[in-house]
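The values are calculated or read from the model by the stated rules, or taken from the named source; none is laboratory data. Note that the structure is predicted; figures quoted are calculated from it, not measured. Cβ coordinates were reconstructed from backbone atoms using ideal geometry, including for glycine residues, and neighbour counts include every protein chain displayed. These accessible areas exclude ligands, DNA and RNA; they are computed on the full protein's heavy atoms, side chains included. Shrake-Rupley method; radii C 1.70, N 1.55, O 1.52, S 1.80 Å.
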Amino acid sequence: MAIKTIFIHLLLLLSGTILFAQQDTTADKYKRMEVMIPMRDGVKLHTIIYSPKYPTDKLPFLITRTPYGVSSTRSPEKSDYTKELSSDGYFFVAQDIRGRYLSEGKFEMTRVSRDKKAPKSIDEASDTYDTIDWLLKNIPDNNGKAGIYGISYDGWTSIIAAADPHPALKAASEQATPSDMFMNDDFHHNGAFRLSYGFEYSVLTEAAKTDSLYDFGEYDTYDWYLRLGPLSNINKMYAHSSLPTWNNFIAHPNYDAFWQKQALAYRLDYPRIPIQHVGGWWDEEDMVGPQDVYRRLEKRDSSNRNFIVMGPWLHGQWANGTGKSLGNIKFDDQPTATYFREQIQAKWFAWYLKGKGDGKFAEAISFQTGSNQWKTYTAWPPKESVTKNIYFHANGKLSFEKPTAAETKAYDSYVSDPAKPVPYRVRPIEETYGTNSRWYYWLTDNQRFVDNRPDVVQWQTDTLTEDVTITGNVLAKLFASTSGTDADWVVKLIDVYPKFYKKELKMSGYELMISSDIFRARFRNSFSKPEPLIPGKVEAYAIDLHGADHVFKKGHRIMVQVQSTWFPIYDRNPQKFVPNIYEAKESDYQTATQKIYHSAKFASCIELPVNK
Ligand code: PG9
């Protein structure tokens with residue numbers, strides 16, 4: 001250890017800042033130090049720092065900030081996520097954010113921006129700023145640069161740090177950040193409430209300072225949530241108003257200032273530093289966040305600092321293992337996650353923090369599913385893609401031809417019953433983060449499990465005679481009516497494998513969701529001011545199904561399914577308009593007859609970004 005380092009460690013030990021410095025006894029190339037770093041308001045944040053034992057050069061910091069506890073952070077060379085980076089040499093810094101695990105202060109879910117006029121005010125950006133300031137001054141042999149990275153909540157802390165960066169922060173890799181908790185990520189999609197996730201995540205982070213699971217007392221939580229009845233029973237029977245995030249769901253049923261101020265659209269102006277957005281095509285939690293933030297920042301990226309990487313992954317899958325498959329889906333033996341870590345993430349930080357490499361990064365890198373190939377694009381969505389509508393028809397047909405039928409009879413109809421909601425995935429529906437939970441890969445479940453339910457309608461093409469490639473954004477344009485005064489519309493775009501799939505027999509007829517989402521009809525005119533529907537009136541809905549890069553192969557078929565419940569990931573819509581669904585009564589929940597139109601006038605379709 002250099003004399004300067006010993007001296008500084010001694011000072012830190014005496015000041016009580018260092019909690020623990022590892023004895024230099026192992027064969028690891030990194031040594032560990034545990035410190036409490038003071039923030040501007042006096043709160044101290046618990047931080048682990050791994051430094052190379054034998055640095056050959058001055059090194060940058062790579063920081064991650066998390067609510068999930070850093071004490072168990074392993075030496076960077078022992079974790080898949082950082083192994084490749086570790087061989088390059090960085091100071092790896094992992095910090096418990098305010099109020100979580102061993103950090104002082106109060107946790108606040110996706111804390112809003114501070115009031116900059118108050119000098120001691122704090123937010124996650126100022127906490128990152130103060131951390132970097134401290135590191136630069138107290139960790140010797142640094143090169144004066146820092147990068148920040150992380151997945152999901154840690155991706156969100158990364159992008160927030162980049163929104164208001166310390167001058168030494170030179171690059172951020174936000175991975176699966178949420179961007180808007182009302183519109184498209186963990187807690188709601190288009191205003192529809194993510195019940196099981198919202199409740200279980202509130203318990204996870206707010207029942208204690210460390211992660212907690214709710215004890216449901218049964219494995220299949222579908223039954224538990226159905227027995228729950230109206231949402232108000234969560235506080236009445238279980239949470240007793242003890243979970244701030246749950247209480248906020250009830251207090252803010254619409255897209256009001258509470259949600260708007262948290263949204264990244266409100267907090268980001270232009271890319272102030274280079275930012276890499278990383279997401280998964282089957283991310284069950286924050287699939288939209290990286291796509292949404294990339295798109296917004298791209299509009300004001302005059303210095304070419306904004307980049308996107310999308311892979312065939314579930315939430316954070318790129319951090320571990322090889323990424324050769326996901327659920328039942330295989331990627332022709334390609335180690336997609338390893339490729340990301342070695343060829344994309346490591347090169348990104350090596351360039352921006354050390355000047356190593358050629359600094360040439362593609363604007364958009366995507367693992368195209370179906371063809372199972374990495375692709376690069378000069379823009380996202382690529383300019384070459386052209387919009388083509390694929391239309392719903394009578395007798396369950398789907399085709400590129402526009403329907404010609406008269407509107408009065410041209411619809412498919414089903415009865416949606418909130419007492420018998422469609423399960424969102426194959427039961428048993430284990431607790432989200434519970435033992436053996438299949439939550440992580442449910443978006444790749446075979447949708448055949450619902451295709452004979454009377455409350456799911458579907459349309460499909462004939463067997464494709466040539467490949468259909470879609471690269472870009474998918475949009476559902478639905479013409480629908482209901483006998484009720486509120487409704488949910490769930491739309492799924494599905495790749496149907498051949499009936500006899502010789503390459504892998506168990507995949508024969510598999511119905512793989514490529515894009516999907518839900519829309520709560522009360523918000524059709526405004527997400528801030530819900531309005532009742534008029535029973536029987538046909539309304540037009542444009543439902544964003546987000547990005548995809550997929551080849552529907554020759555021999556497959558394209559299918560669309562529509563339904564009005566997706567339970568318990570989404571709460572049941574009472575189907576009768578009430579001012580606040582979180583306060584609905586049991587008697588408000590009613591059956592409704594839904595009609596999806598496919599006439600010349602009301603030509604429901606999916607807008608596909610077809611790429612030759
Ligand atoms: N999806 C999780 C989350 C991020 C931000 C806020 C709330 C939840 C996560 O995996 O961290």
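Averaged across orientations, what area in nm² does the convex hull of the alpha carbons in the range 93-228 project?
Here the figure is 10.5 nm², rounded to one decimal.
How big is the shadow of the Cα convex hull of the range 427-484, averaged over all directions, in nm²?
7.6 nm²
For the chain, what is the calculated [θ] at 222 nm in deg cm²/dmol (nearest 500), taking -39500 (n - 2.57) for each run of four or more DSSP H residues and dividing by its residue count?
-5000 deg cm²/dmol
Over the range 559-612, consider all pairs of different Cα atoms and compute the Kirkwood hydrodynamic radius from their mean reciprocal separation; express it in Å, one decimal.
Evaluated on the range 559-612, it is 14.4 Å.
Using 26 Å as the Cα-Cα cut-off, could you pick out the over-long pairs in Lys261/Lys388; Lys324/Lys375; Lys209/Lys236?
Lys261/Lys388
Could you tell me the calculated FRET efficiency between Ser212 and Arg74, based on Cβ-Cβ distance and R0 = 25 angstrom, to the nearest 0.05?
E(calc), rounded to 0.05, equals 0.60.
Rg and Dmax in Å for the range 481-612, alpha carbons only: what are they?
17.6, 53
Could you report the accessible area of Met310 in Å², rounded to 10, computed with a 1.4 Å probe on the protein chains as they sit in the structure?
Taking all protein chains as shown, Met310 has close to 10 Å².
With a 1.4 Å probe and all protein chains kept in place, how do Glu511, Glu466, Glu342 rank by accessible area, largest first?
Glu466, Glu342, Glu511
For the range 33-99, what size does the Cα cloud have along each of its three principal axes, sorted from largest down, in whole Å?
Rounded to whole Å, the extents work out to 36, 24, 14 Å.
Rank these residues by their accessible area, most exposed first, probe 1.4 Å: Glu206, Glu586.
Per-residue accessible area, sorted high to low, gives Glu586, Glu206.
Among the listed pairs Lys83/Lys503; Lys299/Lys402; Lys477/Lys595, which are separated by more than 25 Å between their Cα atoms?
From the list (Lys83/Lys503; Lys299/Lys402; Lys477/Lys595), the Cα-Cα distance tops 25 Å for Lys83/Lys503; Lys299/Lys402.
With both bridge residues required to lie in the chain, what share of the DSSP beta bridges run antiparallel, to the nearest 5%?
Around 70 percent of the beta bridges assigned by DSSP in the chain are antiparallel ones.
Need one value: the accessible area of His188 in square angstrom, 1.4 angstrom probe, rounded to the nearest 10.
Estimated to the nearest 10 Å², His188 gives 0 Å².
Excluding ligands and nucleic acids, what accessible area in Å² is computed for Glu284 using a 1.4 Å probe, to the nearest 10?
10 Å²
Sequence gap at least 6, Cα distance under 8 Å: using those rules, report the relative contact order of the range 386-610 to the nearest whole percent.
38 percent
How big is the Rg/Rh ratio for the range 391-458, C-alpha atoms only, Rh by Kirkwood, two decimals?
1.11
If Lys and Arg each add +1 and Asp and Glu each add -1, what is the summed charge of the other residues whose beta carbon sits under 14 Å from the beta carbon of Ser126?
Counting the neighbours of Ser126, the net charge comes to 0.
Any idea what Rg and Dmax come out to for the range 386-610 if you just take the C-alpha atoms, in Å?
So, for the range 386-610, Rg and Dmax equal 17.6, 53 Å respectively.
Can you give me the % of accessible surface on the range 254-402 that is carbon or sulfur? Probe 1.4 Å, all protein chains present, nothing else counted.
C and S atoms contribute 47 percent here.
Determine, from the Cβ-Cβ distance of Asp301 and Ala27 and an R0 of 45 Å, the FRET efficiency 1/(1 + (r/R0)^6), rounded to the nearest 0.05.
Once rounded, the FRET efficiency stands at 0.50.
7 Å from Cα along Cα→Cβ at both Lys601 and Thr378: what's the point-to-point distance in nm?
4.6 nm
Give me Rg/Rg_expected for the chain, where Rg uses Cα atoms only and Rg_expected = 2.2 N^0.38 Å with N residues.
1.00
Taking the Cα centre of the chain as the origin, how large is its charge dipole in debye, to the nearest 20, when only Lys and Arg (+1) and Asp and Glu (-1) carry charge on their Cβ atoms?
Its charge dipole is roughly 960 debye.
Take the Cα pairs of the range 201-335, get the Kirkwood Rh, then feed it into Stokes-Einstein at 37 °C and 0.692 mPa s and tell me D in µm²/s.
Using the Kirkwood radius from Cα pairs, D works out to 178 µm²/s.
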